[in-house]
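Notes follow once the structure below has been shown.
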Amino acid sequence: MKSLWNDAEAAEHKGPLGPRVYTSRLLGRDKSLVLHGGGNTSVKLTEKDLFGQDLDILYVKGSGWDLETIEAPGFSPVRLDYIRRLAALPALSDPQMVNELATHMTRAGAPAPSIETILHGILPAKYVDHTHADAVLSVTNAPGGFERVREIYADRVVIVPYVMPGFDLAAVCAREFPKQATKNTVGMVLMNHGIFSFGEDARQAYERMIALVGEAETYLDQRKSWSMRYETKPLGSVKREEIAQLRRTLCDTAGTPMIVTIRDDEKFRAFAQHPKVGQVSQQGPATPDHVIRTKPLPMVGRDVAAYAAAYRAYFERNAAKAKEKKTMLDPAPRMALDPAFGLAAAGRTAKDAAIVAELYDHSIDVFLRAEGIGGWRALPEANLFEVEYWDLEQAKLRKGGAPPVFAGEIVIVTGAASGIGKACAESFLKRGAAVIGLDRTASITSLLTRPDYLGIECDLTDRAAVEAALERAVKAFGGVDMLVLNAGIFPASNPIQAIPLDTWHKTMAVNVEANLALMQACHPLLKLAPRGGRIVVIGSKNVPAPGPGAGAYSASKAAMNQLARVAALEWGKDNIRINSLHPNAVYDTALWTDEVLASRAKAYNLTVEQYRTNNLLKTEVSSRDVAELAAEMCGPLFAKTTAAQVPVDGGNERVV
Ligand code: ZN
């Protein structure tokens with residue numbers, strides 16, 4: 001473990017909070033120290049109030065900020081004298097503590113101060129850093145953890161036995177710290193939880209953290225339990241329908257659609273194939289901090305019903321002992337370990353699922369290193385239950401409000417690199433769906449960089465390419481619930497007697513056959529969609545009102561329209577609905593350059609403006625208008641509708 005301190009970088013962080021921001025970010029950069037809001041930092045500053053009086057303020061990481069990207073406004077200013085008075089109270093409920101901290105800040109609108117604020121307040125040093133370092137957890141959670149910590153650090157750290165985070169932990173630390181601290185003390189280890197370091201400047205506190213964690217790493221390394229080698233045997237491929245089936249069962253058990261991400265890299269497969277996986281994985285998470293996202297245990301294998309039964313039993317056992325009445329969360333697993341696919345991680349959004357996978361990636365290190373020095377020992381389930389069903393965490397879950405309409409669902413949009421397809425991708429993302437964009441254009445892969453978007457370069461007339469794209473789609477998100485058939489070509493105009501046969505074939509191949517092939521390949525996945533499969537066909541005004549010179553195009557769109565109607569007849573029993581929309585004169589697409597628009601307008605003796613709005617409503621139809629209708633057709637508004645054909649053309653006399 002190396003210090004990442006760099007004088008030039010440090011100098012870029014100005015202002016009283018500059019050094020605090022800088023080293024917080026350094027900690028956040030190392031995922032073996034801090035994962036997804038898992039650590040926190042603080043600094044004690046003296047400021048003048050409005051009356052010129054000195055005021056001691058603890059600036060502590062606010063909730064909703066990650067150390068890696070934190071900025072000065074991410075630190076909540078809390079009155080230090082008040083924090084210290086709170087720490088001396090004999091008892092305080094956690095919701096009360098949260099209220100007291102929030103009402104003793106000096107900046108209205110600052111984020112809620114960290115749940116571990118009081119811990120920072122009672123430590124005397126100016127700068128305090130706190131992480132849930134992997135190496136420290138491997139040591140504290142091995143047999144004789146307490147003695148091992150003492151052996152590594154002697155009196156350089158105060159050691160506090162496990163207490164759930166919140167007021168009680170702060171109170172225990174407030175008592176233990178002065179009792180145990182010596183002139184050598186530079187940190188504090190919380191058993192089964194993490195480590196604190198402190199110092200008089202930001203660099204000192206940070207480099208002490210690096211040194212302390214480094215010593216735990218060395219301790220493990222000396223016992224040949226630091227570097228891990230993973231060996232796997234291939235166990236045959238997993239069919240994408242099997243993954244989609246697993247996701248479906250999981251969603252049904254959870255009562256809500258979820259994204260399932262497969263991580264089949266060697267490490268995950270090796271752990272899933274580990275001879276002791278059943279024992280090691282079934283103890284509990286690397287830190288109770290993970291339990292809200294991951295549940296206490298992963299599922300080993302694919303028997304969701306058995307997992308749910310075990311989870312219900314765990315709830316019953318522990319809820320009976322809880323002080324207040326608890327309502328059970330859904331009993332579905334958030335992780336599955338399987339020798340063939342490795343890890344399946346589930347979350348309400350693609351981001352949540354990715355976080356679950358990353359947490360478990362580090363958990364495997366923590367478990368196996370502890371195994372190397374005598375065996376991984378998680379906290380008893382009563383402690384895990386206490387955190388999982390903690391009032392404060394439950395309140396956080398509730399605060400999220402109603403999820404977006406497509407949360408946990410997955411859509412494929414074809415021709416998504418530009419125009420209507422790109423607008424569709426945006427409309428579905430806005431509604432919470434994970435989007436797979438397919439396009440022939442290479443730019444599709446870099447169209448967006450966000451965890452709920454996957455762009456795949458794919459020629460839809462190439463069946464092998466489509467198969468490969470679906471494999472990637474299911475591995476990324478767990479299934480396909482919705483399909484927007486948008487990709488199409490518009491060949492050069494020709495009267496029928498002059499249509500080249502290869503133009504005809506090409507138009508049919510892209511506008512009809514490619515869609516047929518994709519529908520065929522997606523059918524087994526759409527059948528497994530937790531809320532039923534949905535297909536939207538981006539048709540054309542040319543279906544009800546064909547145009548002269550567009551024989552191949554109009555015929556291909558009409559053929560596709562008829563195919564959609566038959567699909568409605570055949571796939572209704574599979575709870576798949578298919579609806580078409582017929583746009584006309586959508587000019588904000590790549591096809592329509594300013595020059596083309598001007599020449600077409602001139603051909604009709606109209607201005608460009610008149611040409612754009614040449615419809616009954618005298619309105620312009622944009623890609624966004626079409627995309628919004630496509631998204632709505634997949635939502636609750638169209639839940640009882642299949643085989644509909646809806647124009648989106650501003651009103652057209654020939655269609656009316
Ligand atoms: Zn902590």
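The values are calculated or read from the model by the stated rules, or taken from the named source; none is laboratory data. Everything quoted here is computed from the prediction, not taken from an experiment. A quick note on method: Cβ atoms are made from the backbone with ideal geometry, for glycine too, and the neighbour counts reach across all protein chains shown. Just the protein is used for accessible areas: all its heavy atoms, side chains included, with ligands, DNA and RNA removed. Shrake-Rupley method; radii C 1.70, N 1.55, O 1.52, S 1.80 Å.
Evaluate the stretch 313-326: report whether one residue or more is open to solvent by less than 20 Å² (accessible area, probe 1.4 Å), of a type in the set (S, T, N, Q) and closer than 26 Å to P165 by Cα. If you could, list the steps in order and put the result at the bottom.
So in the stretch 313-326, the residues open to solvent by less than 20 Å² (accessible area, probe 1.4 Å) come out as 314-315, 318.
After this cut, where a residue has to be of a type in the set (S, T, N, Q) as well, the list is 318.
Add one more test, that the residue is closer than 26 Å to P165 by Cα, and what stays is 318.
Yes: one or more hits.
Could you tell me whether the stretch 38-45 includes any residue that is surrounded by fewer than 21 Cβ atoms within 10 Å (Cβ to Cβ) and more than 20 Å from V213 (Cα to Cα)? Among the residues of the stretch 38-45, at least one is surrounded by fewer than 21 Cβ atoms within 10 Å (Cβ to Cβ) and more than 20 Å from V213 (Cα to Cα), which makes the answer yes.
Hey, can you tell me all the residues within the stretch 127-148 that are within 15 Å of the ligand (Cβ to nearest atom) and touching an Asp or Glu at 6+ places or on another chain (Cβ under 8 Å)? I'd like the intermediate steps shown before the answer.
Filtering the stretch 127-148 down to residues within 15 Å of the ligand (Cβ to nearest atom) leaves 128-134, 136-137, 140-141.
Scanning the stretch 127-148 gives H130, H132, D134.
Taking the stretch 54-68 as the range and being at pLDDT 95 or above and surrounded by fewer than 17 Cβ atoms within 10 Å (Cβ to Cβ) as the test, the residues that pass are D54, L55, D56.
Somewhere in the stretch 516-531, is a residue open to solvent by 30 Å² or more (accessible area, probe 1.4 Å), polar (S, T, N, Q) and assigned by TED's automatic domain parsing to the domain that holds G479? Yes, the stretch 516-531 contains a residue that is open to solvent by 30 Å² or more (accessible area, probe 1.4 Å), polar (S, T, N, Q) and assigned by TED's automatic domain parsing to the domain that holds G479. Residues of the stretch 426-454 that are of a type in the set (G, A, S) and either open to solvent by 60 Å² or more (accessible area, probe 1.4 Å) or over 14 Å from V405 (Cβ atoms) (or both): G437, A442, S443, S446.
What about E231, is it outside any loop (DSSP other than H, G, I, E, B) and of a type in the set (D, E)?
Values: outside any loop (DSSP other than H, G, I, E, B): no; of a type in the set (D, E): yes.
Judged against the criteria, E231 is not a match.
Mind listing just one residue for me: the one in the stretch 29-48 that is touching a strand residue (DSSP E or B) at 6+ places or on another chain (Cβ under 8 Å) and among the basic types (K, R) and, of those, nearest to the ligand (Cβ to nearest atom)? Filtering first and then ranking leaves K44. The residues of the stretch 327-346 that are open to solvent by less than 10 Å² (accessible area, probe 1.4 Å) and of a type in the set (A, V, I, L, M), listed by number, are A332, M335, A336, L337, L343, A344, A345, A346.
Among the residues of the stretch 480-494 satisfying the criterion of being part of a loop (DSSP other than H, G, I, E, B) and open to solvent by 40 Å² or more (accessible area, probe 1.4 Å), which is nearest to A550 (Cα to Cα)? Give the steps one after another, and end with the answer.
If we filter the stretch 480-494 for residues that are part of a loop (DSSP other than H, G, I, E, B), which is where we start, we get 480-481, 486-493.
Checking the rest, the ones that are also open to solvent by 40 Å² or more (accessible area, probe 1.4 Å) come to 488, 490, 492-493.
Details: G488: 14, F490: 8, A492: 8, S493: 6 Å.
Residue satisfying both the conditions and the ranking: S493.
Only one entry of I259, I292 meets the criterion of being surrounded by 17 or more Cβ atoms within 10 Å (Cβ to Cβ) and within 16 Å of the ligand (Cβ to nearest atom), and that entry is I292. One residue stands out in the stretch 594-648 among those that are in a helix (DSSP H, G or I) and among the small types (G, A, S): the one that is farthest from K430 (Cα to Cα), namely A603. Taking the stretch 110-119 as the range and being part of a loop (DSSP other than H, G, I, E, B), within 14 Å of the ligand (Cβ to nearest atom) and of a type in the set (A, V, I, L, M) as the test, only I115 passes.
So, V157, is that one within 25 Å of D66 (Cβ to Cβ), within 16 Å of the ligand (Cβ to nearest atom), in contact with a Leu (Cβ under 9 Å, 6 or more places away or on another chain) and of a type in the set (A, V, I, L, M) or not?
On the way: within 25 Å of D66 (Cβ to Cβ): no; within 16 Å of the ligand (Cβ to nearest atom): yes; in contact with a Leu (Cβ under 9 Å, 6 or more places away or on another chain): yes; of a type in the set (A, V, I, L, M): yes.
When the stated conditions are applied, V157 does not pass them.
Using the structure shown, decide if A91 is hydrophobic (A, V, I, L, M, F, W, C), touching a Gly at 6+ places or on another chain (Cβ under 7 Å) and part of a loop (DSSP other than H, G, I, E, B). No: the conditions fail for A91.
Can you say whether A91 is more than 16 Å from the ligand (Cβ to nearest atom) and open to solvent by 40 Å² or more (accessible area, probe 1.4 Å), as far as the supplied structure shows? Yes: the conditions hold for A91.
Summed over the stretch 600-632, residues that are open to solvent by less than 70 Å² (accessible area, probe 1.4 Å) and polar (S, T, N, Q) total 5.
Here the helices (runs of 4 or more DSSP H) wholly within the stretch 120-183 that include at least 2 residues being open to solvent by 40 Å² or more (accessible area, probe 1.4 Å) are 145-153, 167-180.
Here are R240, R203, R223, R208: which of them is under 30 Å from P339 (Cα atoms) and either in contact with a Ser or Thr (Cβ under 9 Å, 6 or more places away or on another chain) or surrounded by fewer than 21 Cβ atoms within 10 Å (Cβ to Cβ) (or both)? When all the criteria are applied, what remains is R223.
Within the stretch 404-421, restricting attention to residues that are in a helix (DSSP H, G or I) and surrounded by 24 or more Cβ atoms within 10 Å (Cβ to Cβ), the residue that is nearest to the chain's Cα centre (by Cα) is G421. Considering only residues that are out of contact with any helix residue (DSSP H, G or I) (no Cβ under 7 Å at 6 or more places or on another chain) and part of a strand (DSSP E or B), look in the stretch 49-84 and name the one that is farthest from the ligand (Cβ to nearest atom). By that ranking, first place goes to D54. When restricted to residues that are outside any loop (DSSP other than H, G, I, E, B) and of a type outside the set (D, E, K, R), the stretch 437-462 contains 11. Note on the stretch 383-403: residues that are open to solvent by 50 Å² or more (accessible area, probe 1.4 Å) and either touching a Lys or Arg at 6+ places or on another chain (Cβ under 8 Å) or modelled with pLDDT of 90 or more (or both) total 2.
Mind checking which residues of the stretch 346-391 are under 23 Å from the mean Cα position of the chain (by Cα) and either in a loop (DSSP other than H, G, I, E, B) or of a type in the set (K, R) (or both)? R348, T349, K351, Y389, W390 - these are the residues of the stretch 346-391 that are under 23 Å from the mean Cα position of the chain (by Cα) and either in a loop (DSSP other than H, G, I, E, B) or of a type in the set (K, R) (or both). Out of A630, A585, A643, one residue alone is at pLDDT 95 or above, in the same structural domain as A567 (by TED's automatic domain parsing) and at positive phi. It is A643.
Take the conditions within 16 Å of the ligand (Cβ to nearest atom), at pLDDT 95 or above and not basic (K, R) and apply them to V213. Does it pass?
On the way: within 16 Å of the ligand (Cβ to nearest atom): yes; at pLDDT 95 or above: yes; not basic (K, R): yes.
Taking the combined requirement at face value, the residue satisfies it.
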